[in-house]
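A.B. asks: What follows is a single structure, and I will ask about it in a moment.
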Amino acid sequence: MFIKRGKPWSLKDHQATSEGIYFNRRKFMTGSGLLIGGAALGLAGCSEQSSSDAVVSQSASTSDFTDPTLDLYPAKRNEAYQIERAITDEGINSSYNNFYEFGSHKQIAKAAQALKTRPWQVTIDGMVEKEMVLDIDELIRSVMLEERLYRHRCVEAWSMTIPWTGFAFKDLIAKAKPLSGAKYIRMETFHDPSVASGQKQSWYPWPYVEGVTMEEASNDLAFLVTGAYGKPAAKQFGAPLRLALPWKYGFKSIKSITRFTFTDKRPVSFWEQLAAREYGFWANVNPEVDHPRWSQASERVLGTNDRIPTKIYNGYGEQVAHLYKDLDLPKTVLYR
Ligand SMILES: Nc1nc2c(c(=O)[nH]1)N[C@H]1C(S)=C(S)[C@@H](COP(=O)(O)O)O[C@H]1N2
Ligand SMILES: [Mo]
C-alpha cells in the first residue's frame, strides 16, 4: 500500500515542530564539551513535510523472521477501553513515527527494520527483592495479553487512536517485587549505534530513558505494549516491548525497553536532559499549559482533516486525576 504525496495530515498547518529542534545547544555544548555546528545538528525541522515514503509493510519488510509469540494474536479486546474516535489507519500509523534512534524525523519505519528484536532480554533491577533478567518471550507468555483502544497525543500536537495489545504495567511490578522504599521506575531503551544510526549522534543523551512514579505505573491505564493492530508490534512502534501512558504526552511512552530500574530517585528522562523547560517529568496532557513554543489547546488527528480540542489528561482524567491532586496544577503538569 502506498501513501500519496500531499496527504492532508502532513500539511504544515501549525508551528509545532519536533521535540528536539530547539533544545538549548549552548548549554548542551558546554555540558558535553562537544563542538557542534548548527548545521550538523540536523534536527527535524522538516518533520512536517510530506515524503514519498511507501508504507513499510508490516510482515514482509524483512527476512523470514516469524515472531515467536505470533500465536497469541489477536488478543481479546478489553471493552472497558473503548473510545469514541476512529482507529487510525494502520498504514498511516506505521509510516509516521517518532523513534530518534533511527532518525530525527517521522519516516524512520524503514530504518527501524534493522532492529533485531530476538533474542531480547529485559532486566529488572534496583530496589527489588531480587534482580532478574527475563527473556521477552517468557515474559510475554507469563502475562495475559489483551487489546485496548487508546488515544495517543504527541507533545507536537498531533494525535492518533491505536489498538494496542499488551499487559498491565502492574503485572510486571508484581513480578519485580519492589522494596517498600521504591518510589519511581526508570526505563531504558536498547543502545546499539551499529543498528540504530541515530545513536551515533553523540549530542543526544543515549540511551533513551523515561521514568514514572510507582503510583503512575500501578494505575490501570499504564500498559506495556507488545503488539498493535492485532499482531506483534511493528519495529517502528517500539517492538518488542514499549510503554503506553495515554494520559501523558507521547514522549513518556518509551519504546523497545530493555531495563526497568526501581529507585527512590526521580529519573531524568532523555528529553528532560535535552530541554527540561520544554519536556518535564510529569508531561500530563493539558490543553491549558502551552509548550514554550506552541499551543497545546488543540491537536491534528492524523489520517483526517480534523483539528480538535485537546482534553485534560487526554480524556483520561477520571482514571488518573487523583494521582496529581497534591501537585500544583496546572502549571506543573509539564514543567517541574
Ligand atoms: N526509545 C524511544 N522511545 C520513544 C521515542 C523515541 O524517540 N525513542 N519517541 C517518543 C515520542 S516523542 C512519541 S510521540 C512516541 C511515538 O510513538 P509512535 O511512533 O508509536 O506514534 O514514542 C515515544 N517513545
Ligand atoms: Mo512525541
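A.B. asks: Take the range 119-137 and flag every residue that is in a strand (DSSP E or B) and of a type in the set (A, V, I, L, M). So that I can check it myself, show each step before the final result.
C.D. replies: First, the residues of the range 119-137 that are in a strand (DSSP E or B): 121-126, 128, 132-135.
Passing the criteria: 122, 124, 128, 132, 133, 134.
A.B. asks: What pairs come up if the first residue lies in the range 149-165 and is under 18 Å from residue 306 (Cα atoms), the second is outside any loop (DSSP other than H, G, I, E, B) and modelled with pLDDT under 95, and their beta carbons are under 9 Å apart, counting only those six or more places apart or on different chains?
C.D. replies: Matching pairs, first to second residue: 155/291; 156/291; 156/294; 157/291; 157/294; 158/9.
A.B. asks: Of the conditions (1) within 13 Å of ligand 1 (Cβ to nearest atom); (2) touching an Asp or Glu at 6+ places or on another chain (Cβ under 8 Å); (3) not hydrophobic (A, V, I, L, M, F, W, C), residue 186 clears all except one; give me its number.
C.D. replies: It fails just one condition, (1).
A.B. asks: So, one more: In this structure, is residue 321 of a type outside the set (Lys, Arg), surrounded by fewer than 15 Cβ atoms within 10 Å (Cβ to Cβ) and out of contact with any Ser or Thr (no Cβ under 9 Å at 6 or more places or on another chain)? It would help to see each step written out before you state the result.
C.D. replies: Working: of a type outside the set (Lys, Arg): yes; surrounded by fewer than 15 Cβ atoms within 10 Å (Cβ to Cβ): yes; out of contact with any Ser or Thr (no Cβ under 9 Å at 6 or more places or on another chain): yes.
So residue 321 passes the test.
A.B. asks: Being over 22 Å from residue 122 (Cα atoms) and in contact with a strand residue (DSSP E or B) (Cβ under 6 Å, 6 or more places away or on another chain) is the filter; apply it to the range 156-169 and report the residue that is surrounded by the most Cβ atoms within 10 Å (Cβ to Cβ). Break it down into steps so the answer makes sense when it comes.
C.D. replies: In the first step, residues of the range 156-169 are kept if they are over 22 Å from residue 122 (Cα atoms); the result is 156-163.
Narrowing the set further to residues that are in contact with a strand residue (DSSP E or B) (Cβ under 6 Å, 6 or more places away or on another chain) leaves 157-163.
Values: 157: 22, 158: 21, 159: 25, 160: 23, 161: 19, 162: 20, 163: 20.
Per the criteria, the residue is 159.
A.B. asks: Report whether or not residue 213 is over 14 Å from the mean Cα position of the chain (by Cα), modelled with pLDDT of 95 or more, of a type in the set (Val, Ile, Thr) and buried (at least 19 other Cβ atoms within 10 Å of the Cβ).
C.D. replies: Criteria not met by residue 213.
A.B. asks: So residue 293 ticks every box in (1) basic (Lys, Arg); (2) under 19 Å from residue 97 (Cβ atoms); (3) within 15 Å of ligand 2 (Cβ to nearest atom) but one. Which box is left unticked?
C.D. replies: It fails just one condition, (2).
A.B. asks: Here's a follow-up. Using the structure shown, decide if residue 140 is more than 12 Å from ligand 1 (Cβ to nearest atom) and part of a helix (DSSP H, G or I). Even if it seems obvious, please write down each step before you answer.
C.D. replies: On the way: more than 12 Å from ligand 1 (Cβ to nearest atom): yes; part of a helix (DSSP H, G or I): yes.
Yes.
A.B. asks: Quick one: count up the residues across the range 67-118 that are more than 11 Å from ligand 1 (Cβ to nearest atom), in a helix (DSSP H, G or I), farther than 21 Å from residue 252 by Cβ and not basic (Lys, Arg).
C.D. replies: Within the range 67-118, residues that are more than 11 Å from ligand 1 (Cβ to nearest atom), in a helix (DSSP H, G or I), farther than 21 Å from residue 252 by Cβ and not basic (Lys, Arg) number 8.
A.B. asks: Tell me, yes or no, whether the range 224-245 has at least one residue that is among the basic types (Lys, Arg), crowded, with 22+ Cβ neighbours inside 10 Å and either within 13 Å of ligand 1 (Cβ to nearest atom) or in contact (Cβ under 8 Å) with a residue 40 or more places away in the chain (or both). Show your work before the answer.
C.D. replies: Taking the range 224-245 as the starting set, the residues that turn out to be among the basic types (Lys, Arg) are 231, 235, 242.
Filter again for crowded, with 22+ Cβ neighbours inside 10 Å, leaving 235, 242.
With either within 13 Å of ligand 1 (Cβ to nearest atom) or in contact (Cβ under 8 Å) with a residue 40 or more places away in the chain (or both) added as a condition, the list becomes 235, 242.
Yes, some residue in the range 224-245 is among the basic types (Lys, Arg), crowded, with 22+ Cβ neighbours inside 10 Å and either within 13 Å of ligand 1 (Cβ to nearest atom) or in contact (Cβ under 8 Å) with a residue 40 or more places away in the chain (or both).
A.B. asks: In this structure, does residue 287 turn out to be free of Cβ contacts under 8 Å to residues at least 40 places away in the same chain and either among the basic types (Lys, Arg) or not in a helix (DSSP H, G or I) (or both)?
C.D. replies: Working: free of Cβ contacts under 8 Å to residues at least 40 places away in the same chain: yes; either among the basic types (Lys, Arg) or not in a helix (DSSP H, G or I) (or both): yes.
Yes.
A.B. asks: Filter the range 176-193 down to the residues that are buried (at least 20 other Cβ atoms within 10 Å of the Cβ) and not hydrophobic (A, V, I, L, M, F, W, C), then identify the one that is farthest from residue 112 (Cα to Cα).
C.D. replies: Going through the qualifying residues, I end up with 178.
A.B. asks: Still on this structure, please answer the following. Quick one: residue 173 ticks every box in (1) surrounded by fewer than 22 Cβ atoms within 10 Å (Cβ to Cβ); (2) touching a residue at least 12 places away in the same chain (Cβ under 8 Å); (3) within 13 Å of ligand 1 (Cβ to nearest atom) except a single one, so which number is it?
C.D. replies: Looking at each condition in turn, residue 173 falls short on (3).
A.B. asks: Looking only at residues that are over 27 Å from residue 131 (Cβ atoms) and charged (D, E, K, R) in the range 251-279, which one is farthest from ligand 2 (Cβ to nearest atom)?
C.D. replies: 277
The values are calculated or read from the model by the stated rules, or taken from the named source; none is laboratory data. The shown structure was predicted, so the numbers you read here are calculated from the model rather than taken from an experiment. Heads up, the Cβs are rebuilt from the backbone with ideal geometry, glycines too, and the neighbour counts pull from every protein chain shown.
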